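Notes follow once the structure below has been shown.
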Amino acid sequence: MSAVDLEQRNNRMVNPPAPSRSIYVALCGGVGGAKLVSGLARILPAESLVVAVNVGDDFEHLGLTICPDLDTVLYTLAGLVHPQQGWGRSDESWGVMDELRRLGAHTWFALGDRDIALHLLRSELLQGGLTLSAANAELARRLQLDVTVSPISDQPVRTMLDTDQGRLAFQEYFVHRRCEPAVRAVEFAGAKSASLAPAVLAALESKDLAGVIICPSNPYLSIGPMLAIPQLRQRLRALDAPVVAISPIVAGAAIKGPAAKMMCELGVQPAADVIAPLYEDFVDIVVLDTADAALATDARFAVVPTIMHTPEQKVALARDCISLIQALRAQRSR
């Protein structure tokens, strides 16, 4: 099938028609965000959920286009994610990596055999002329997903870190050097010239938009690259629909990843309420875990259990987010 045929077939997912029911947009990074998205997908009709995913982690490796956060969301929603890691494929094998290692190739970024199959297909679709949105829609279709999962942009946005070991691309810092370098600053190459992917823009401009949920993802490395796209931040500021953000910090520590370490290195005290000033120009409610109830000092904050180890906890937090949005909408309509 040609790239044109695939583009036409996936047009509904890439730029879907406005549905007749409420739309919720979730801004999502990797593991933590994917957990909440899985809860949202269980309680919302598929046509009511649009997941906008960070692309700042994307890179080229072994000739393949790797999109770690998009892959984590796809695998999670398809029930294929590694249950303990929260990323990568379950029931994985490592024959290709073993052979690459034997041949002396760079294997610091481990790719399982099943995972490589997805990267091969994505790379082929992109080389055939599809946009990243269209390619991802095709992957979602083949994984039998109905939820719209879109990159935040079709243009490259790359997270770069200024560290005590020099300027590093995200995967070099995160995987190869295991977050050991001290971070001095974060920048997002390409963000200023990037535009929102069609499905994301359509959802944010829809008259049926009910609200936006910022998932509990790293505010610097997952949400930051998306907000660095001027079109997104401008659109969020102009929304009539409520915006709810869940803190990824609980009791002074990150549930997953280097968020707390980075905050200390950037001179920020790692606390659950730290995202309030980061998002203050557009957020309505910041959700804190019950462990941080003392930080909920005014009406900007809500307190609910935010740790998600079980499917029930993911659904519970998803319901709490939807309830907060609905309550804010009811207040505004009075």
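The values are calculated or read from the model by the stated rules, or taken from the named source; none is laboratory data. All figures in this text were calculated on a predicted structure; none of them were measured in a lab. Quick reminder, even Gly has a Cβ in these numbers, built from the backbone with ideal geometry, and neighbours come from all protein chains shown. Remember, those area values only see protein heavy atoms, side chains included, never the ligands or the DNA or RNA. Shrake-Rupley method; radii C 1.70, N 1.55, O 1.52, S 1.80 Å.
Scan [x] 61, 51, 38; [y] 57, 45, 40; [z] 64, 47, 39 for the value of Cα extents along the principal axes in Å calculated from this model and give just the label. Label [z] holds the value from this structure. When only alpha carbons are used to place a centre, region 264-310 and region 105-155 end up 33 Å from one another.
Accessible surface for H176 stands near 90 Å², nearest 10, in the context of the full protein assembly shown (1.4 Å probe). Rolling a 1.4 Å probe over the protein heavy atoms of the chain, with every protein chain left in place, gives an accessible area that is 51 percent carbon and sulfur. Near the amide H of A254, within less than 5 Å, lie the amide hydrogens of A260, all on another chain or at least 5 residues away, with H placed in the peptide plane.
In this calculation the C-beta distance from E265 to T297 is compared with R0 = 30 Å, giving a FRET efficiency of 0.70. Candidate cross-link partners of K314 among the lysines, defined by an alpha-carbon separation under 29 Å and a same-chain spacing of 8 or more, comprise K35, K207, K256, K261. Note on R141 and Q231: the extension gain reaches 29.6 nm, defined as 0.36 nm multiplied by sequence separation minus the Cα-Cα distance. Simple spin-label estimate for A189 and A327 gives 4.4 nm between the two label positions (7 Å along the Cα-to-Cβ direction from each Cα). Normalised Debye scattering of region 181-316 at q = 0.10, 0.15, 0.16, 0.19 Å⁻¹ gives log10 I(q)/I(0) of -0.35, -0.80, -0.91, -1.21, counting only Cα atoms as equal scatterers and leaving out solvent. For T148, the residues whose amide H sits under 5 Å from its own are L49, V51, ignoring neighbours fewer than 5 places away on the same chain, with H placed 1.01 Å from N.
Using 0.36 nm per residue and subtracting the Cα-Cα separation, the extra length available between D240 and D113 on full extension is 41.2 nm.
Using θ = phi - 60° in the Karplus curve 6.51 cos²θ - 1.76 cosθ + 1.60, the 3J(HN,Hα) couplings for region 65-82 round to 8, 9, 10, x, 6, 4, 5, 4, 5, 4, 5, 5, 5, 7, x, 10, 6, 5 Hz; x is entered for Gly and Pro.
Would you mind computing, in nm to one decimal, how far apart the modelled labels at V175 and A105 are, each placed 7 Å from Cα along Cα→Cβ? Taking the two extended label points, one gets 1.3 nm. Paramagnetic label reach from A251 (point 7 Å along Cα→Cβ; backbone nitrogen cut-off under 15 Å): within region 274-314, residues 289-295, 305-309. With each label modelled as a point 7 angstrom along the Cα→C-beta vector, the L121-A46 pair spans 1.5 nm. With θ taken as phi - 60° and the Karplus curve 6.51 cos²θ - 1.76 cosθ + 1.60 applied, the whole-hertz 3J(HN,Hα) list for region 327-334 is 5, 5, 5, 5, 4, 6, 7, 6 Hz, x standing for glycine and proline.
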